[in-house]
Amino acid sequence: QVQLVESGGGLVQPGGSLRLSCAASGNIFSVNVMGWYRHQRELVATITSGGSTNYADSVRGRFTISRDNAQNTVYLQMNNLKPEDTAVYYCSYFATIHGAVWGQGTQVTVSS
């Protein structure tokens with residue numbers, strides 16, 4: 001079993017920044033993809049265990065995904081936040097032997 005725990009959401013003004021974290025625990029498979037989604041599973045960004053990244057067009061250039069494989073943690077640095085970025089952000093983990101695992105979600109609200 002794999003468990004995901006997210007942190008770092010909150011309220012921020014437009015143009016501000018937030019950093020989300022997601023720590024994975026349990027029987028982590030070394031070859032995996034972790035990422036962030038929002039709304040009804042809308043892709044935000046993903047990163048493979050080898051470091052390859054993928055971003056939604058709406059966040060490219062503003063958000064940066066990174067990971068610490070030793071800590072089994074993935075991060076999402078969100079800069080220049082816009083009201084339309086308001087959503088519940090879900091951390092994801094995927095490995096072929098486990099399938100997809102989702103976190104509980106963390107609320108991000110961008111408002112003045």
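Using a Förster radius of 41 Å, what is the FRET efficiency between residue 96 and residue 13 based on their Cβ-Cβ separation? Nearest 0.05, please.
Efficiency, rounded to the nearest 0.05: 0.50.
Counting pairwise Cα distances across the range 72-112, what percent come out greater than 17 angstrom?
43
Rolling a 1.4 Å sphere over the protein heavy atoms, what is the accessible area per residue of the range 42-112, to the nearest Å²?
Value for the range 42-112: 48 Å² per residue.
Give me the dipole magnitude in Debye, nearest 20, for the chain about the Cα centre, with unit charges on the beta carbon: positive for Lys and Arg, negative for Asp and Glu.
Using Cβ point charges on Lys, Arg, Asp and Glu, the chain gives about 80 debye.
Give the Rg (one decimal place) followed by the Dmax (whole number) of the range 16-112, computed from C-alpha coordinates and expressed in Å.
12.9, 44
The values are calculated or read from the model by the stated rules, or taken from the named source; none is laboratory data. In this text the structure is predicted, and so the values were computed from the model without any measurement. Every residue, glycine among them, receives a Cβ derived from its backbone with ideal geometry; neighbour counts consider all protein chains shown. Side chains included, ligands, DNA and RNA excluded: accessible areas come from the protein's heavy atoms. Shrake-Rupley method; radii C 1.70, N 1.55, O 1.52, S 1.80 Å.
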